[in-house]
Amino acid sequence: QQQVKQSPQSLIVQKGGISIINCAYENTAFDYFPWYQQFPGKGPALLIAIRPDVSEKKEGRFTISFNKSAKQFSLHIMDSQPGDSATYFCAASMEYGNKLVFGAGTILRVKS
Amino acid sequence: DAGITQSPRHKVTETGTPVTLRCHQTENHRYMYWYRQDPGHGLRLIHYSYGVKDTDKGEVSDGYSVSRSKTEDFLLTLESATSSQTSVYFCAISDPGRMNTEAFFGQGTRLTVV
């Protein structure tokens, strides 16, 4: 039983387009929601994270939207670039970076 | 990779043999974790440690044991490897008491059990 459900499994976007990845969670005790980016052969690296007291957080071309009542959060990548091609994982935890529960991952390919 | 070294990076082993993976950190972070990554499952927590000799089980701990005798080292042992333990294993560190609260991951160890 996956506590964090992520969709889609894979995504192809044209260069300059918007990439959107969605996640849903069940445990209302989660209070930290990070997104990780992983390139082939590398470990995941933190991209952006949000706490449930805000509905949106933006860092450059990356935005997290958070809907506490629906228990959903999403990653938007604006002006997607070929260098953004990677696997993206949403995650959740009850205490910052501790004991993260991950979604299944989304393989993003940005076509040039 | 935030001062995290995993060894070995690749290993092929036979079913039934013991295997130990090592994670070494130079960041003096209190918490250390072992995750496994499998297609369709993302990363799943195997075991974690919140201090020297303080460890606890994660979501998928069956068949695995861990030890932490020093702050900087966290060992993952497969007592008798099975094919279902073929996976990529990631070590991570974090320290919630610090300003920077994110979890940092190592480069991973690809383990194949034949």
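The values are calculated or read from the model by the stated rules, or taken from the named source; none is laboratory data. It should be emphasised that the depicted structure is a prediction, and the values quoted were computed from it without experimental measurement. A quick note on method: Cβ atoms are made from the backbone with ideal geometry, for glycine too, and the neighbour counts reach across all protein chains shown. For the accessible areas, the whole protein counts, side chains as well, though only heavy atoms, and no ligand, DNA or RNA atoms are used. Shrake-Rupley method; radii C 1.70, N 1.55, O 1.52, S 1.80 Å.
Couple of notes before you dig in:
- When the charge dipole of the stretch B:12-114 is built from unit charges on Cβ atoms (+1 for Lys and Arg, -1 for Asp and Glu) and taken about the Cα centre, the candidate among B:39, B:67, B:26 whose Cα reaches farthest toward its positive end is B:26.
- Label-point gap, in nm, between residue A:53 and residue A:5 - each point 7 angstrom along Cα→Cβ: 3.0 nm
- Using the Cβ-Cβ distance between residue A:15 and residue B:53 with R0 = 41 Å, the FRET efficiency computed as 1/(1 + (r/R0)^6) comes to roughly 0.20.
- Each Lys and Arg Cβ is given +1 and each Asp and Glu Cβ -1; about its Cα centre, chain B then shows a dipole of about 140 debye.
- Projected over all directions and averaged, the alpha-carbon convex hull of the stretch B:25-65 occupies 3.4 nm².
- Loop-located GluC sites (Glu not before Pro) in the stretch B:70-114 (DSSP state not H, G, I, E or B) with no more than 16 neighbouring Cβ atoms inside 10 Å: B:79.
- Among A:20, A:77, A:12, residue whose mean-square fluctuation peaks in a GNM of chain A (springs only between Cα atoms under 10 Å): A:12
- Legend: translational diffusion of the stretch A:1-64 by Stokes-Einstein, Rh = Kirkwood radius over C-alpha pairs, 4 °C, 1.567 mPa s; D = 95 µm²/s.
- Whole-percent pair-distance distribution, where bins are 5 Å wide, for the alpha carbons of the stretch A:62-102: 6, 17, 21, 25, 17, 11, 4
- Carbon and sulfur %, accessible surface of the protein assembly as shown computed with the full protein complex present, 1.4 Å: 48 percent
- Kirkwood hydrodynamic radius computed over chain A comes to 13.9 Å, based on all pairs of distinct alpha carbons.
- Listed residue (B:50, B:83, B:96) projecting farthest to the positive dipole end of chain B, Cβ model: B:83
- Spherically averaged projected area in nm², based on the convex hull that wraps the Cα atoms of the protein assembly as shown: 12.1 nm²
- Take each residue of peptide A:37-44, count the partner chain Cβ atoms within 10 Å of its Cβ, and average: the result is 5.
- Percentage, to the nearest whole number, of Cα pairs in chain B over 23 Å apart: 22 percent
- Remark: mean inter-chain Cβ contacts per residue of B:102-109 equal 5, using a 10 Å Cβ-Cβ cutoff to other protein chain atoms.
- Size of charge dipole - the stretch A:16-112 - debye, nearest 20, with Cβ of Lys, Arg +1 and Asp, Glu -1, no other charges: 200 debye
- Each label was represented as a point 7 Å from its Cα along the Cα-to-Cβ direction; for residue B:65 and residue B:80 these points are 1.3 nm apart.
- Net charge dipole, the protein assembly as shown: roughly 420 debye, given to the nearest 20, about the Cα centre with Cβ charges of +1 for Lys and Arg and -1 for Asp and Glu.
- Using C-alpha pairs under 8 Å with a sequence gap of at least 6, the mean separation divided by the residue count of the stretch A:50-104 gives a relative contact order of 20 percent.
- Loop sites in the stretch A:44-77: trypsin sites (Lys or Arg not before Pro), DSSP, at most 15 other Cβ within 10 Å: A:61, A:68
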